[in-house]
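No lab work stands behind these numbers, since they all come straight from the coordinates. Since the model is a prediction, treat every value here as computed from it, not as a measurement. Methodologically, a virtual Cβ is constructed for each residue, glycine included, from the backbone with ideal geometry; neighbour enumeration extends over all protein chains shown.
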Amino acid sequence: MPVISVEHLCKDFKVHKRRKGFWGSLSSTVTREYDIIKAVEDVNFTLERGELVGYIGANGAGKSTTIKMLTGILVPTSGHIDVMNLTPYLHRKENARRIGVVFGQRTQLWWDLPVIDSFELLKHIYEIPENRYKHNLEFFSELLQLRPFLCTPVRKLSLGQRMRCDLTAALLHDPEILYLDEPTIGLDVVAKEQVRQFLKQINAERQVTVILTTHDLNDVEQVCGRLIIIDKGKLIYDGGIDALKNQYGKTRMLIVDLAQPYTDIDLEAVSLTRREENRIWLAFDRDTLPASEVISQLTSRYEVRDLTISEPEIEEIVRRIYKFGMSQ
Amino acid sequence: MRKYLAFSAKAFQRTLTYRFELWMELAINVLFMLIYVYLWKALYTDQTSVEGYDLNGILTYIVISQSLLTFVFTLRISRTIQAKIRAGEVATDLMKPIDFQMMTLATAVGTSLHTLLFNMLPKVVLFYVIFKLSLPPSFLTAALFIVSAVLGYVILFGIEFIIGVLAFWLIEIYGIYALVIWGLHMLFSGYFLPLEFYPAFLSKVAEVLPFRAIIYIPTALYTGNLAGSDLSTALLVQLAWATVLMALGRISYRAAFRKLVVQGG
């Protein structure tokens, strides 16, 4: 039984078309024209309990719109959503009790009050039993090292500290699903790593199902087992990260430092993609051509000083998918 | 219920954060009340009684109505809702297992409780001491005044909440807010002078609008100018407006929610 199931999900936005200039503005106040934007178009997927999924796409791809529909604050234009046997927008409050949400760009903590006061308020909002609240607060304070600033007003926290508090705020009531919308945005390397380790840990220990939207593909690579890619509202990939690499990352790159700037580089089934003085970049297909063969061809004809092979990075693959689509 | 009380407590606590602003507000209020008091004293030099208000009565009316008016200044609910919608913060509220209208009311009550304790009560006591104002005619009147003032508060909240929710459709609501609160409310709530002083046609208009239920009814009740069967009718009218406006707020909020587009993201 899946925790989340989404079928033929669509969301259209009506955007008021404004005309240019003075007369345009004037006529816009009388007659209105609308453009229909398809923010999410026929998206299907299911999630099992305890999965940790990266939900990625370029800006405006429809990620946040999907998350808003899953949390029940946006009503789909058509299609079906089932979250823990509830329809989120019809059962907003019941759904809200069982989910946690973190937005990287805004906080759910009370800006002017000490962190601990926001936690206390959440205890009442979610009607968390006292002993459970104490236990969880203890657990997260330890794990995320919150103690030094529990009594500091939220507005005085650093971004990293605030994010750790927001994560705690989203988890105090033992939600079954955690939605994270760009939780590592703006964080430094150490803080990012802390957040990632934390997510892995609560997913493993507490069986929380996690959906993570992000632009930082290192998040996805290090944390998520599964990846869903959405582009212009449509789902274009759903599967494992390794499978994506195998399928779309067949091209390997050999970076070679030559002893002199040869101009007659010509190797079979290898293409020269870039050149900087004595350094060249050679692309070849991993499946049809072993690296050893490329290297032996190369060294037999030219004098080589140094070389490195780079595997396709998830970042590069996804960039190509955003740009050219799945067909390449 | 417990969770909404927690909201009130936090809102109260938050108001304490910005104390200087509150002292400034109190000082300005007191200045304006002094102006009104001396204005009425001057107007009454050749009069003993107008429309059932003697000098002491009109000064009491002014002090009570001006104090109740403080809620209008400190409530700011419509603007808070609008700001939340603009920033997309309303999404965070809606992702919690709480009723949006009740949460907003609880927050408003917390803020207003602070207004009551640290602004209204000191003002009233100060003016009682300086100007020897009159007390309500009976203990029952005093008790009914509290009921009536609470109903008036709920009506004010109801109106502000509806205006705030309109921001879901309009984004910018200052025009409507100004028209309703600074226009209609100021004219028909009776904050400036008792509605008995109005010409007949204006009184008639005031009768069918909810605004007189915010300040005029509790204040005229307090001074004893609203009594007998008029008083019971007035209380029922307040109750009716409170119910209707809260229900309308709920309906418009539900409608807004159904077509909700959270800004940004």
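Work from the charge dipole of the protein assembly as shown (Cβ charges, +1 for Lys and Arg, -1 for Asp and Glu, about the Cα centre) and give the residue of A:Gly57, B:Thr107, A:Pro129 farthest towards its positive end.
Most positive-ward Cα: B:Thr107.
Rounded to whole Å and ordered largest first, report the semi-axes of the equivalent ellipsoid of segment A:123-206 derived from its Cα gyration tensor (root of 5λ).
Values: eigenvalues 82, 52, 28 Å².
Result for segment A:123-206: semi-axes of 20, 16, 12 Å.
Which three semi-axes in whole Å describe the equivalent ellipsoid of chain B, each the square root of 5 times a Cα gyration tensor eigenvalue, listed largest first? Walk me through the numbers on the way to the answer.
Details: eigenvalues 230, 84, 57 Å².
Listed largest to smallest, the semi-axes of chain B are 34, 20, 17 Å.
How much net charge surrounds A:Asn85 when only the other residues with a Cβ under 12 Å from the Cβ of A:Asn85 are counted, with Lys and Arg +1 and Asp and Glu -1? The partial results should precede the final answer.
Details: positive: A:Arg98; negative: A:Asp82, A:Glu94, A:Glu176.
After counting each charged neighbour, the total is -2.
In a shell of Cβ-Cβ distance under 11 Å around A:Asp112, excluding A:Asp112 itself, what net charge do Lys and Arg (+1) and Asp and Glu (-1) give?
Values: positive: A:Arg155, A:Lys156, B:Lys10, B:Arg14; negative: A:Asp117.
Charge balance near A:Asp112 sits at +3.
Roughly how tilted is helix A:115-125, in degrees to the nearest 10 and between 0 and 90, from the longest Cα axis of chain A?
60 degrees
Hey, quick one: spin label on A:Arg286, modelled 7 Å out along Cα-Cβ, who in segment A:300-314 has an amide N within reach, i.e. under 12 Å?
Residues passing the 12 Å test: A:310-314.
Averaged over B:27-35, how many beta carbons belonging to a partner chain fall within 10 Å of each residue's beta carbon?
The shielding value for this peptide is 0.
Please compute, for peptide B:82-95, the average count of beta-carbon atoms on other protein chains lying within 10 Å of each residue's beta-carbon. Walk me through the numbers on the way to the answer.
Details: counts 0, 0, 0, 0, 0, 1, 5, 4, 1, 11, 7, 2, 8, 15.
Mean inter-chain Cβ contacts per residue within 10 Å come to 4.
Nearest 5 percent is fine: what portion of the DSSP beta bridges confined to chain A is antiparallel?
Numbers: 42 of 60 bridges.
Percent antiparallel among DSSP bridges in chain A is about 70.
Using 0.36 nm times the number of residues separating B:Leu121 and B:Thr48, minus their current alpha carbon distance, what extension gain do you get? Display every interim value, and only then the final one.
Numbers: separation 73, 0.36 × 73 = 26.28 nm, distance 2.87 nm.
Taking B:Leu121 through B:Thr48 to full extension adds about 23.4 nm, to one decimal.
With everything on Cα atoms, drop me the angle between helix A:314-324 and the longest principal axis of chain A, reported from 0 to 90° to the nearest 10.
The answer is roughly 90 degrees.
Only loop residues by DSSP count here, and only those with at most 15 other Cβ atoms within 10 Å; note down the chymotrypsin sites (Phe, Trp or Tyr not before Pro) in segment A:67-169 that meet that. Show your work: numbers first, answer last.
On the way: sites: A:Tyr89, A:Phe103, A:Trp110, A:Trp111, A:Phe119, A:Tyr126, A:Tyr133, A:Phe139, A:Phe140, A:Phe149; in loops: A:Tyr89, A:Trp110, A:Trp111, A:Tyr126.
Hits after loop and neighbour filter: A:Trp111.
Wrap a convex hull around the Cα atoms of segment A:81-147, take a quarter of its surface area, and give that in square nanometres.
Details: hull surface 23.8 nm².
For the Cα atoms of segment A:81-147, the hull's average projected area reads 5.9 nm².
Packing-wise, with mean Cβ within 10 Å as the measure, how do A:218-226, A:286-294 rank, highest first? Write out the running numbers ahead of the final one.
Numbers: A:218-226: 19.4, A:286-294: 13.0.
Output ranking for A:218-226, A:286-294: A:218-226, A:286-294.
I need B:Met120, B:Met24 ordered by Cβ neighbour count within 10 Å, fewest first.
Values: B:Met120 22, B:Met24 10.
Lowest to highest Cβ neighbour count: B:Met24, B:Met120.
Taking each pair of distinct Cα atoms in segment A:136-290 once, what is the resulting Kirkwood hydrodynamic radius in Å? Don't jump to the answer; show the numbers that get you there.
Working: mean 1/r = 0.0519 Å⁻¹.
When all Cα pairs of segment A:136-290 are included, the Kirkwood radius is 19.3 Å.
Using the reciprocal of the averaged 1/r over all distinct C-alpha pairs, how large is the Kirkwood radius of the protein assembly as shown in Å? If you can, show how the numbers build up before the last one.
On the way: mean 1/r = 0.0349 Å⁻¹.
About 28.6 Å for the protein assembly as shown.
Per-residue counts of other Cβ atoms within 10 Å, averaged by peptide: what ranking do you get for B:218-227, A:93-102, highest first? All intermediate terms of the calculation are to be shown ahead of the outcome.
Working: B:218-227: 24.5, A:93-102: 20.3.
Going from most to least packed, we get B:218-227, A:93-102.
For segment B:230-241, what does the Karplus curve 6.51 cos²θ - 1.76 cosθ + 1.60, with θ = phi - 60°, yield as ³J(HN,Hα) per residue in whole Hz, taken in order and with x for Gly and Pro?
Calculated HN-Hα couplings, in order: 4, 5, 5, 4, 4, 5, 5, 4, 4, 4, 4, 4 Hz.
Alpha carbon centre of segment A:135-160 versus segment A:248-280: separation in Å?
51 Å
What are the residues whose amide H is under 5 Å from the amide H of A:Ile236, where those residues sit 5 or more places off or on another chain and H is modelled from the backbone?
Those lying under 5 Å, H to H, from A:Ile236 are A:Ile229, A:Ile230, A:Asp231.
How big is segment A:213-301 along each principal axis, measuring the range of its Cα positions in Å and listing the largest first?
Its Cα atoms span 47, 26, 25 Å along the three principal axes.
Taking amide H atoms as placed 1.01 Å from N in the peptide plane, list the residues 5 or more away in sequence, or in a different chain, whose amide H sits under 5 Å from that of A:Leu52.
A:Val210, A:Gly225, A:Arg226
Could you work out the pair-distance distribution P(r) of segment A:22-92 from its alpha-carbon pairs, with 10 angstrom bin width and percents rounded to whole numbers?
Answer for segment A:22-92: a P(r) of 15, 39, 23, 15, 7, 2 percent.
Could you tell me the center-to-center distance, by alpha carbons, between segment B:122-179 and segment A:63-88 in angstrom?
Between the Cα centres of segment B:122-179 and segment A:63-88 lies a distance of 40 Å.
Over 26 Å between C-alpha atoms is what I'm after, so list which of B:Lys84/B:Lys123; A:Lys192/B:Lys84; A:Lys63/A:Lys192 land there.
On the way: B:Lys84/B:Lys123 32 Å; A:Lys192/B:Lys84 28 Å; A:Lys63/A:Lys192 21 Å.
Over 26 Å apart, Cα to Cα: B:Lys84/B:Lys123; A:Lys192/B:Lys84.
Counting only other chains, and only Cβ atoms inside 10 Å, what mean value do you get across the residues of A:120-128? Working shown, then result.
Values: counts 3, 5, 3, 2, 9, 9, 4, 3, 0.
Counting other chains' Cβ atoms within 10 Å and averaging over A:120-128 gives 4.
Whole-Hz ³J(HN,Hα) for each residue in segment B:58-71, computed from phi via Karplus 6.51 cos²θ - 1.76 cosθ + 1.60 with θ = phi - 60°, x for glycine and proline: what do you get?
5, 5, 4, 4, 4, 5, 5, 5, 5, 5, 5, 4, 4, 4
Give the aspartates and glutamates reachable from B:Lys10 as a straight Cα distance under 19 Å; neighbours fewer than 8 places away on the same chain don't count.
Of all the aspartates and glutamates, those that pass the test against B:Lys10 - Cα under 19 Å, at least 8 places apart if same chain - are A:Asp112, A:Asp117, A:Glu120, A:Glu127, A:Glu130, A:Asp166, B:Glu21, B:Glu89, B:Asp93, B:Asp99.
So what's segment A:250-311 giving for Cα Rg divided by 2.2 N^0.38 Å, two decimals?
Working: Rg = 10.6 Å, N = 62, 2.2 N^0.38 = 10.6 Å.
Working it through for segment A:250-311, the quotient is 1.00.
What is the packing order of peptides A:154-161, B:102-109, taking the mean over residues of other C-beta atoms within 10 Å and listing the highest first?
Values: A:154-161: 15.6, B:102-109: 20.2.
Top to bottom by mean Cβ count within 10 Å: B:102-109, A:154-161.
Report the Rg/Rh value for chain A, based on alpha-carbon coordinates and the Kirkwood definition of Rh. Mind showing how you got there, number by number?
Numbers: Rg = 24.9 Å, Rh = 23.0 Å.
Answer for chain A: 1.08.
Would you calculate the volume per residue, in Å³, of the smallest convex hull containing every Cα atom of segment B:39-159?
Working: hull volume 16.6 nm³, N = 121.
About 137 Å³ per residue, rounded to a whole number.
Over segment B:95-140, one equal point on each Cα, no solvent: what is log10 I(q)/I(0) by the Debye formula at q = 0.26, 0.27 Å⁻¹?
Debye curve over Cα of segment B:95-140, log10 I(q)/I(0) at q = 0.26, 0.27 Å⁻¹: -0.91, -0.93.
Can you give me the long-range amide H partners of B:Gly190? Hydrogens built in the peptide plane at 1.01 Å from N, cutoff under 5 Å, separation of 5 or more residues or another chain.
Close amide H contacts, sequence-distant or interchain: none at all.
At what distance in angstrom do the alpha carbon centres of segment B:1-61 and segment B:62-120 lie from each other?
18 Å
Can you work out the base-10 log of I(q)/I(0) for segment B:25-94 at q = 0.12 1/Å, using the Debye formula on its C-alpha atoms alone?
Taking Cα atoms of segment B:25-94 as identical point scatterers yields -0.51.
Starting from the Cα of A:Lys20, draw a straight line to each of the lysines and keep only those under 26 Å, dropping any in the same chain fewer than 8 residues away.
Excluding near neighbours in sequence, the set is A:Lys38.
Could you work out the Kirkwood radius for segment B:118-265, taking every pair of different alpha carbons, averaging 1/r and inverting it, reported in Å?
On the way: mean 1/r = 0.0588 Å⁻¹.
Its Kirkwood hydrodynamic radius stands at 17.0 Å.
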